[in-house]
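> Here it is: the structure, laid out below.
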Amino acid sequence: MEQAIKKLQDEIMASQNNPYIQVIGNFLIQYVQANPESAVGILGEGKSIAKSLDAMKQEGQKKQSNGMAMITGQDILKYFGIDGPPMESVYGRTDIKPVPDSSRFDAKLDDFL
């Protein structure tokens, strides 16, 4: 599980200018925390958040109606080969801890004195 979370965090950090990678990455981290068995799918060869966005674009083109399409959490999980509870089951849970923002610089004046 830790390797999968690290892989996701690394991609999130490398793509800070892409808000979609941030959102999907944080969802996947929460999902893996709630469903540790799903880590295998995240670690799949050649799988990445960025490539999942491309897959979702293609899926959206197939599903579109009147120029619009709806993509679900299940579609994202399916890309990673994860057959588990839907995305919505992760939100609202109290046993999942947020991932600390490691990019934040935390220093106090006393550290420099």
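> Every residue in the range 50-74 that is part of a helix (DSSP H, G or I), under 17 Å from Q22 (Cα atoms) and modelled with pLDDT under 90, please.
Once the filter is applied, which keeps residues that are part of a helix (DSSP H, G or I), under 17 Å from Q22 (Cα atoms) and modelled with pLDDT under 90, the range 50-74 yields only G73.
> So K63 ticks every box in (1) surrounded by 16 or more Cβ atoms within 10 Å (Cβ to Cβ); (2) more than 9 Å from the chain's Cα centre (by Cα) but one. Which box is left unticked?
Here K63 clears every test but (1).
> Restrict the check to the range 77-88 and report whether at least one residue is among the hydroxyl-bearing types (S, T, Y), crowded, with 16+ Cβ neighbours inside 10 Å and at pLDDT 90 or above.
Within the range 77-88 (the criterion being among the hydroxyl-bearing types (S, T, Y), crowded, with 16+ Cβ neighbours inside 10 Å and at pLDDT 90 or above), the answer is yes, since at least one residue qualifies.
The values are calculated or read from the model by the stated rules, or taken from the named source; none is laboratory data. Here the structure is a predicted model, which is why all the values come from computation and not from measurement. FYI the Cβ positions are ideal-geometry reconstructions off the backbone, even for glycines, and counts take in every protein chain you see.
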